[in-house]
Amino acid sequence: MSFNVPADAYARFMGQYAEPLARQFVELANVQSGQRALDVGCGPGALTAQLVERLGVDAVAAIDPSAPFVAAVRSRMPGVDVRSGVAEELPYPDDSFDRTLAQLVVHFMTDPVAGLREMARVTNPGGLVAACVWDHAGDSGPLATFWQAVLESDPGAHDESDLAGAREGHLAELCAAAGLAHIESSRLTVGVRFATFQDWWEPYTFGVGPAGAYVAKLDEPRRETLRGRCAQHLPAGPFEVIASAWAVRARV
Ligand SMILES: C[S@@+](CC[C@H](N)C(=O)[O-])C[C@H]1O[C@@H](n2cnc3c(N)ncnc32)[C@H](O)[C@@H]1O
């Protein structure tokens with residue numbers, strides 16, 4: 001998947017949703033001073049920054065397979081233990097963290113159950129594992145308008161609705177399969193304001209994630225057609241996109 005992109009491109013595309021989501025997600029995971037935490041699939045660091053604010057750099061570790069994202073977190077938050085790697089093979093000893101979090105990552109894991117099992121392994125007994133994924137299967141994910149417009153002209157297109165954790169209840173099923181206990185499900189909702197339609201559209205042309213990869217493979221006329229379809233679904237002037245994610249937290 002296309003996360004080998006500059007951190008700035010991610011920030012303007014998904015980061016604008018990920019940052020307010022991270023503020024809610026650390027609350028859900030009950031992150032508190034004195035704990036040690038791991039951010040799995042940290043991207044350019046929206047959640048890492050929230051963890052550092054609460055716990056300090058020495059108590060936070062982060063890992064991601066994307067080289068530009070790893071470099072961005074290292075330069076943005078010196079002192080954080082940032083590594084290159086995947087959830088399915090975490091390079092930490094058992095029981096290393098009190099909180100192990102994955103924000104918007106489970107749906108990109110090659111093996112989500114193995115990833116969640118690894119997250120549990122590196123978490124202390126009594127600690128918490130937490131994960132969240134946008135509601136791509138419903139109509140309240142941040143990319144819902146985009147994929148709706150795509151499917152109108154390309155009904156065979158592969159949107160993100162069938163990805164792991166993207167439908168209600170699926171994250172809890174995956175956590176149970178990974179051996180986690182006391183699984184609690186919830187829903188987190190954020191609002192992001194856009195001054196113009198162009199501000200909303202432009203980040204889709206940066207090649208980030210499945211949506212950006214879809215736009216990148218269109219020739220110019222088809223890209224313009226898709227842009228026009230999206231414009232029919234959204235106001236020209238200031239508007240807000242409300243986006244929801246499914247979330248779980250579970251005890252180890
Ligand atoms: C949508 S981004 C989320 C980034 C960040 N957590 C945030 O909330 O902004 C998905 C991230 O998952 C990472 N990723 C993809 N496959 C992964 C895997 N198997 N294990 C860990 N991270 C993975 C990508 O490199 C990317 O940074």
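Taking the DSSP beta bridges with both ends in the chain, the antiparallel portion is around 55 percent. Using a ≥ b ≥ c from the Cα gyration tensor of the stretch 1-102 (square roots of the eigenvalues), is it rounded, prolate or oblate, where a/c under 1.5 gives rounded and otherwise the larger of a/b and b/c decides, a/b for prolate? Because a/c hits 1.5 or more and a/b fails to exceed b/c, the stretch 1-102 counts as oblate. Simple point charges give the picture: +1 on the Cβ of Lys and Arg, -1 on the Cβ of Asp and Glu, and for the chain a dipole about the Cα centre of about 360 debye. Please report the spacing between the Cα centers of the stretch 95-130 and the stretch 230-251 in Å, no decimals. After rounding, the separation between the Cα centres reads 26 Å. A dipole drawn for the chain from +1 and -1 charges on Cβ atoms has a positive end, and of Leu180, Phe3, Leu55 the residue lying farthest that way is Leu55. If I histogram all Cα-Cα distances within the chain using bins 5 Å wide from 0, what percent of pairs lands in each bin? Result returned by the calculation: 1, 7, 14, 18, 20, 16, 11, 7, 4, 2, 0, 0.
Quick note: the coordinates plus some simple rules give every number you see, no bench work behind them. No experiment lies behind these values; they were computed from the predicted model shown. FYI the Cβ positions are ideal-geometry reconstructions off the backbone, even for glycines, and counts take in every protein chain you see.
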